[in-house]
1. What FRET efficiency comes out for residue 87 versus residue 259 if R0 is 35 angstrom and r is the Cβ-Cβ distance? Round to the nearest 0.05.
2. With just the Cα atoms defining each centre, how far is segment 296-332 from segment 106-150? Give it in Å.
3. Return the percentage of antiparallel bridges among DSSP beta bridges fully within segment 64-215, rounded to the nearest 5 %.
4. Relative contact order for segment 105-236: what is it in percent, counting Cα pairs under 8 Å that are at least 6 residues apart?
5. Using 1/(1 + (r/R0)^6) with R0 = 41 angstrom and r between the beta carbons of residue 298 and residue 107, what's the FRET efficiency to the nearest 0.05?
6. Quick check: residue separation of residue 198 and residue 278 times 0.36 nm, minus the Cα distance between them. What number comes out in nm?
7. Can you give the % of DSSP beta bridges in segment 275-332 that are antiparallel, to the nearest 5?
8. Once fully extended, how much extra length lies between residue 356 and residue 249, figured as 0.36 nm per residue of separation less the alpha-carbon to alpha-carbon distance?
């Protein structure tokens, strides 16, 4: 019996030892596997949240407008904002006053100069013994702004229709509208001032205005102020041209002269026009006749004896007026173009049929199908 128990006890001890050994080896393997997994996990790259860099969106760079290599200067005939013109403007805005082609002609030009044939004011007394007097509410200066007018010539036979106060109001109205003026002022120096404009190429352009047509001597700035720059004696005008010549690359002179409603020139027009060119003007642009007058090339420079009307009354018939465009290319060469106009219901539009008419009344110039003028 004792031998049996001894064998049983020994057997149990062997089993315990075997279990302990198995647990040792198995447990150690489990531990090693767990440790291996931890090490493996540590070796794996960790997922991290990477904040994206926020880049502020910038506005696209604005390319500077390319410099104009051709400069266009436009001069128009007489502008008078009559009651017909005011009514058309009130009804349709600038479209009631000028057609799309006329608007484009003026707005797209580098510089535009008009003959301002009236005063802007609500003051003053009508000039005695004048059949026609023109005064316009200052608010209508917006018409000039809508057309892109840069310069107003004030040397004519209507700007003083309502006296000195109305002329002073005209100065103020134009200044407030950022439209420069010449041809009238509070002194001879101011009335004869040279307006200088510069284009994108750095070239300079000078503008003067003077009148040979006033109803009474008191309108002359030499006799009463404010007043107009006049050239019944052309000495002051020729001196102004000579003084302006070295200051600019191109010099334009706008003059009010001649006789109304005729294509015939007075003796003094040709004589004085030639003197102005000889004194240094690059072109002479005439007004006053209410119709187109001849164009002459003198010593290679143009004299437009009259551009007639441009914006004036209810209607302007063919041959009644126009504008002229001077185009200066990148090499400084100048092209001259006449633009005849008509008007219906107070709205001015281009009249291509007028090109041949201008050539027919002019002596030594040819006018092509686009209005470009050349010497015969």
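1. Calculated value: 0.70.
2. 19 Å
3. Percentage antiparallel, nearest 5: 25.
4. Computed over segment 105-236, the figure is 24 percent.
5. My answer for the efficiency is 0.85.
6. Full extension from residue 198 to residue 278 adds 26.4 nm.
7. 65 percent
8. Residue separation times 0.36 nm, minus the Cα-Cα distance, leaves 35.4 nm.
Readers should treat all values here as calculations from the given coordinates under stated rules, not as data from a laboratory. Not measured: the values here are computed from a predicted model. All Cβ positions, glycine included, derive from the backbone under ideal geometry; neighbour counts span all protein chains shown.
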